[in-house]
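Novice: The following block contains the structure, expressed as structure tokens.
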2 protein chains.
Amino acid sequence: MATITGLDVIDVRFPTSRTLDGSDAMNPDPDYSAAYAVLRTDDGVDGHALTFTIGRGNDLQAAAIALLEPWVVGREVEELTADLGGLARRLVRDSQVRWLGPEKGVVHMAAGAVINAAWDLAARRAGLPVWQFLARMSPEQLVDLVDFRYLTDALTRDEALDLLRAAAPGRAERERALLEDGYPAYTTTPGWLGYTDERLERLSIEAVEDGFTQIKLKVGLDLAEDRRRLAIARRAIGEDVGLAIDANQRWEVAEAIDWVRALAEFRPAWIEEPINPDDVLGHATLRRAVAPVPVATGEHLHNRVMAKQLLQAGAVDVLQLDATRVAGVNENVAILLLAAKFGVPVCPHAGGVGLCEMVQHLAMFDSVAVSGTTEGRMIEFVDHLHEHFEVPVEVSGGRYLAPRAPGLGARIHAESLAAHTYPTGPVWATRD
Amino acid sequence: MATITGLDVIDVRFPTSRTLDGSDAMNPDPDYSAAYAVLRTDDGVDGHALTFTIGRGNDLQAAAIALLEPWVVGREVEELTADLGGLARRLVRDSQVRWLGPEKGVVHMAAGAVINAAWDLAARRAGLPVWQFLARMSPEQLVDLVDFRYLTDALTRDEALDLLRAAAPGRAERERALLEDGYPAYTTTPGWLGYTDERLERLSIEAVEDGFTQIKLKVGLDLAEDRRRLAIARRAIGEDVGLAIDANQRWEVAEAIDWVRALAEFRPAWIEEPINPDDVLGHATLRRAVAPVPVATGEHLHNRVMAKQLLQAGAVDVLQLDATRVAGVNENVAILLLAAKFGVPVCPHAGGVGLCEMVQHLAMFDSVAVSGTTEGRMIEFVDHLHEHFEVPVEVSGGRYLAPRAPGLGARIHAESLAAHTYPTGPVWATRD
């Protein structure tokens, strides 16, 4: 019987602001960072996860994760992994810590890191990647993962069960298809705001050559610039490739309506994060006004209650969950079930560090056991920082290849952790 | 020319869980706490504020405040206090730190603490309590305080100016009236869930004898219990005193509808925090279903975008702002303006430590310069922990007496700070 012996947390930061990888209209100089959590055990099979942040405050996120230590250290691994739903509820409902959200921000993401580390631990012990580990659970086991508190006006446990049972036939076949053909991807690599026109054009052409059927551009700082850059990109990719745009919360509601209409001729695949991410009603207004341009949001959606409302209000065409913004795999299972109930496709956010590695499990699980399809769905791909991961994502021909290694995929190489530990690692200690 | 020389942060906790003061359906054993911030200056006139939390994690909140030091330390006091709107916008828009919310939770409350400390500093230098300091600003100065980003679909700067100009006549008279008669209060002292029936009855009778025209009871754990306790309270206070109830986020939407209907015979003055505080659409549904019982929420409203939506959706009869949940006085001025635009009364939340002392300034400013009335409005009063404050609230005859001491009111006695510092102060070091 193995026991959890420790919860280690490391402040890891990559100096991405030096090259403007990741720059957008709201975040001009991010240093992609990870508050990195390790659930240590006395038999050596441990669990790793991370919360993605963009620099300063990553130490605060790490401290928030450490605060949750009493919920896991000293517990038996079998007891913990046999009831991951119970673990998630305990972590989220810790009343004194919950007050600091509630169920949002630093403490909620911290719960997510611990929950995700427990998933890595459980899936590794089962010898399965998390997507398969989830996709082979029974509908009853899956609904036990979900905290239906505050959801029942939109989705009850029984409705979720019905949904999962309806998707049960064909699971094995869809799993085989995933293993053979992978899952559709789109790429954000060409479109960061800090890039030159030449780089934008070259990367757009390369994306199409690499087999991507959709690329994404950051917009929102200057309309004339956006029109110019969209024209370059549209010319580079041709008429048949999707061209999504992402404003990273830059606009007011009325401004978003005008701006999107002024970009409509470039036929955006969607407009992403047009306005404040909390603004459910604003998204609903915008969606009606800019149709047929689809509206997408979700990377900053802070919990399942906000996801519920976006869906209830008919505010989005595409829901973009994030692996580390909410309370881990469990809350994302809830979000996938909500989206399936409302018939809205989920296309996960993955611009960050480790996000591609993690969200692929959620999307693939969805396609096998929840929505039961990849139709109208794709996972974001950004091609940097993967070299730091023990099992980096494999994207080929514009598709994510289904991961076969056990676990959640967030494990960073020990050397990379050491090199990028903030502020003592060599990458930071030698910064001019 | 004075300069900000330091931002000190102290983790202060009061062991309220030992007596169950403050217990409710979601928070069974809070230790009322303050992440206490001091803006030090080289001329000795400093600024104090705090973020209210309920125990564990107060150290995290303190660390979040300390993270904002670079925005204030080394700055000239005059420059800072001459543009408190600019300070608030810089603190909230720090892109790397903002990512950790965005604009919610620990980092947003941290911005609020620094902003509020700057208000204490500015008002003390002006020799005025914050409510008067605000109430004597011109409409132009007041709108400069507000970040209208994400609000313009509901309230523009020009509309806010019109509102404030319309309320300008009569300011001096309303200020005099406040100084003479104070502001209406209601008391939550009788109604904590952990109290015995005898204590509930005795405190309810005392509240009416003390001149309160409304009391509030915690509900939501057990319907039969709630009916019994409400009957005791209603009998104790008679038919003419208001009896508000507070479920502290305990219910699902459908459950809230049934429960409130089952308590309607006790004629609740309002049902407070019936469901999850993020659930704008749920509150709108509930409000329609339980009318004429009014719906109140707001103490966990994490920013102005959520306030905007509650008002746009017609989801509340009473908006309950909190002094430390949002980004300080500035965001609360935005919330007061939004509420005035929609004609919804604001009745601040004050169950905590230091909240009564701070929110009275916001409500009194509102009555002088924004809504221009105290009609249908009252401030929560809970009678404990005031002895720790340099200038404790004065409530008499069921009314808050207008504070005359300069500043925001959050200053805790040095001896109280020392005694309750966690975990080294004597109150904690001697805990069995």
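The values are calculated or read from the model by the stated rules, or taken from the named source; none is laboratory data. Just so you know, these numbers come straight off a predicted model, no measurement behind them. Using ideal geometry, Cβ is built from the backbone for each residue, glycine included, and neighbour counts are taken over all protein chains shown. Heavy atoms of the whole protein, side chains included, go into the accessibility calculation; ligands, DNA and RNA do not. Shrake-Rupley method; radii C 1.70, N 1.55, O 1.52, S 1.80 Å.
Novice: If you check A:P348 against the conditions, is it part of a loop (DSSP other than H, G, I, E, B), touching a helix residue (DSSP H, G or I) at 6+ places or on another chain (Cβ under 7 Å), crowded, with 23+ Cβ neighbours inside 10 Å and within 13 Å of chain B (Cβ to nearest Cβ)? It would help to see each step written out before you state the result.
Specialist: Details: part of a loop (DSSP other than H, G, I, E, B): yes; touching a helix residue (DSSP H, G or I) at 6+ places or on another chain (Cβ under 7 Å): yes; crowded, with 23+ Cβ neighbours inside 10 Å: yes; within 13 Å of chain B (Cβ to nearest Cβ): no.
For A:P348, the condition - part of a loop (DSSP other than H, G, I, E, B), touching a helix residue (DSSP H, G or I) at 6+ places or on another chain (Cβ under 7 Å), crowded, with 23+ Cβ neighbours inside 10 Å and within 13 Å of chain B (Cβ to nearest Cβ) - is not met.
The rows are residues; the columns are (1) farther than 16 Å from B:A402 by Cα; (2) open to solvent by 70 Å² or more (accessible area, probe 1.4 Å); (3) part of a loop (DSSP other than H, G, I, E, B).
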{"residue": "B:W131", "(1), (2), (3)": "no, no, no"}
{"residue": "B:R149", "(1), (2), (3)": "yes, no, yes"}
{"residue": "B:D153", "(1), (2), (3)": "yes, no, yes"}
{"residue": "B:L164", "(1), (2), (3)": "yes, no, no"}
{"residue": "B:P184", "(1), (2), (3)": "no, no, no"}
{"residue": "B:L193", "(1), (2), (3)": "yes, no, yes"}
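Novice: Now for a different question. For region B:268-298, which positions are surrounded by fewer than 21 Cβ atoms within 10 Å (Cβ to Cβ) and out of contact with any strand residue (DSSP E or B) (no Cβ under 7 Å at 6 or more places or on another chain)?
Specialist: B:A284, B:T285, B:R288, B:A289, B:A291, B:P292
Novice: Still on this structure: How many residues does region B:383-396 hold that are surrounded by 22 or more Cβ atoms within 10 Å (Cβ to Cβ) and touching a residue at least 40 places away in the same chain (Cβ under 8 Å)? If you could, list the steps in order and put the result at the bottom.
Specialist: The first filter runs over region B:383-396 and keeps only residues surrounded by 22 or more Cβ atoms within 10 Å (Cβ to Cβ), leaving B:385, B:393, B:395.
Checking which are touching a residue at least 40 places away in the same chain (Cβ under 8 Å) leaves us with B:385, B:395.
So the answer is 2.
Novice: Condition first: modelled with pLDDT of 95 or more and basic (K, R). Now tell me which residues in region B:17-42 satisfy that.
Specialist: B:R40 - this is the single residue of region B:17-42 that is modelled with pLDDT of 95 or more and basic (K, R).
Novice: Here's a follow-up. Looking only at helices (runs of 4 or more DSSP H) that fall completely inside region A:352-431, which ones have 3 or more residues that are out of contact with any Leu (no Cβ under 7 Å at 6 or more places or on another chain) and closer than 26 Å to A:V318 by Cα?
Specialist: Details: elements: A:355-365, A:414-420, A:426-429.
Output list reads A:355-365.
Novice: Conditions: (1) away from chain B (no Cβ under 14 Å); (2) part of a loop (DSSP other than H, G, I, E, B); (3) open to solvent by less than 20 Å² (accessible area, probe 1.4 Å). A:M137 meets all but one. Number of the miss?
Specialist: (3)
Novice: Continuing with the same structure: What helices (runs of 4 or more DSSP H) completely inside region A:1-107 contain at least 3 residues that are open to solvent by 10 Å² or more (accessible area, probe 1.4 Å) and within 12 Å of another protein chain (Cβ to nearest Cβ)? Break it down into steps so the answer makes sense when it comes.
Specialist: Working: elements: A:58-66, A:77-82, A:84-93, A:95-98.
Of the helices (runs of 4 or more DSSP H) lying wholly inside region A:1-107, those with at least 3 residues that are open to solvent by 10 Å² or more (accessible area, probe 1.4 Å) and within 12 Å of another protein chain (Cβ to nearest Cβ) span A:58-66, A:95-98.
Here's the yes/no breakdown for (1) open to solvent by 50 Å² or more (accessible area, probe 1.4 Å); (2) within 14 Å of another protein chain (Cβ to nearest Cβ); (3) farther than 30 Å from A:V38 by Cβ:
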position	(1), (2), (3)
A:I115	no, no, no
A:G127	no, no, no
A:A172	yes, no, yes
A:E180	yes, no, yes
A:P190	no, no, yes
A:E198	yes, no, yes
A:R202	yes, no, yes
